[in-house]
1. Residue 189 label point, 7 Å along Cα→Cβ, cut-off 18 Å on backbone N: hits in region 92-107?
2. Mind giving me the FRET efficiency for residue 298 and residue 161? R0 is 56 Å, r the Cβ-Cβ distance, nearest 0.05 is fine.
3. Return the FRET efficiency for the residue pair residue 211, residue 329: r is the Cβ-Cβ distance, R0 is 22 Å, and the value is rounded to the nearest 0.05.
4. Can you bin the chain into rounded, prolate or oblate? Criterion: square roots of the alpha carbon gyration tensor eigenvalues sorted a ≥ b ≥ c, rounded for a/c under 1.5, prolate for a/b above b/c, oblate for the rest.
5. Return one number: the angle in degrees, 0 to 90 and rounded to the nearest 10, between the long axis of the Cα atoms of helix 279-298 and the longest principal axis of the Cα atoms of the chain.
6. Skipping prolines and chain starts, which residues have an amide H placed within reach, meaning under 5 Å, of the one on residue 251, given they are 5 or more residues away or on another chain?
7. With +1 assigned to the C-beta of every Lys and Arg and -1 to the C-beta of every Asp and Glu, and no other charges, what is the dipole magnitude of the chain about the Cα centre in debye, to the nearest 20?
8. Once the dipole of the chain is set up with Lys and Arg at +1 and Asp and Glu at -1 on Cβ about the Cα centre, which of 335, 283, 69 lies farthest towards its positive end?
Amino acid sequence: MTVEKTDMTSASDTRAVRVGFASPARLGYGVAVAALLVATGVLEGYELFLASSILAYAIAAMGLNVLMGYNGQISLGHGAFFAIGAYIAAICIDRFAIPYALTPIIAGVVGMGAGWLIGKPALRLEGVYLALATFGLAIATPTVLRSDLFADWTGGVQGLFLLVNPAPDWAGLDLDQTIYLTVVTYFLIFAFVTLRLVGGLNGKAWIASRDNPIAARAMGFDVTRAKTRAFVFSVLACSVGGALQAVAVQFVAPDSFPFFLSISLFTAVVVGGLCSPLIGPLLGAAFIVMVPNVTEEIWQGGSWAVYGAFIILIMAIQPRGLAGMLSWVRTKLTTRSTK
């Protein structure tokens, strides 16, 4: 009887400890959601546009982080899927008058289909070979978008202007606030889904396939299916992010999606922090959106030199990126507080 009581007590203590550890995380997520919503009334105009852009790129970076960080596949072509999502949203709004808030869903479905068709043969390659194949896709995409063959749908070189309607008058929101809240909604959905995926069986399959494919197969994981799922999810996130960015800008054109966009998304994932499912992509997206603007003020005409210097400095200080820096600072503060 005494042993049973002791076991029950220790089990209840364990549950209490787990709840204690879970509470700060839940509190942090709650504060983050509240901050995103409060920003609707604090920010305005161009500031809201920048916030919308950061969250749109963060969604794309979340998907690419799953592919690169958790599954170990290198892609330099996801800017192409970002462009596909943007153009699908633009066509839905311009040609079919579909409400802009629904266009990311359509863009995501189309993007998933494209990702599955491209991912099946592409994932036969690994490492630098997959990176080069996807990079070829990024190079070809702007040319295809300029082509006269699709000009009736894509607008050709001139692109498409989007008519985005604000919320009804009774909502008391202007156009920038309406778009921002739409982006926040999709960001929260993807944040929840990403955390669930990487923390579940899919995450274990991705990590096992990345670290040791032979051992993963021995454990019963379907490595090919795991790679395909990671690729398709990354394409889904990039397509939705592209659709939201198109809505925020209210314009799409081939020159808006050069191959450098794929490099920027790659930079957001690595600088933000690989295997950081939420904080890393958010910090990385803020980096690629804000730093070029700031560096242009520091050195006009040499902003990219300063931008590159920032990347080198971050990687030299902390290879795990900005999320790694935050984790290091938090560990130091926790250690000092316990002394």
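1. Residues 92-93, 98-107 fall inside that zone.
2. Approximately 0.95, to the nearest 0.05.
3. Computed FRET efficiency for residue 211 and residue 329 comes out at 0.20.
4. It comes out prolate by the Cα gyration axes.
5. Relative to the chain, helix 279-298 is tipped by roughly 50 degrees.
6. So residue 251 has HN proximity to 162.
7. 1520 debye
8. Towards the positive end, the residue furthest out is 335.
The values are calculated or read from the model by the stated rules, or taken from the named source; none is laboratory data. Values in this document were obtained by computation on a predicted structure and should not be read as measured data. Positions of Cβ are backbone-derived with ideal geometry, glycine not excepted, and every protein chain shown enters the neighbour counts. All accessible areas refer to the heavy atoms of the entire protein, side chains included, with ligands and DNA or RNA removed. Shrake-Rupley method; radii C 1.70, N 1.55, O 1.52, S 1.80 Å.
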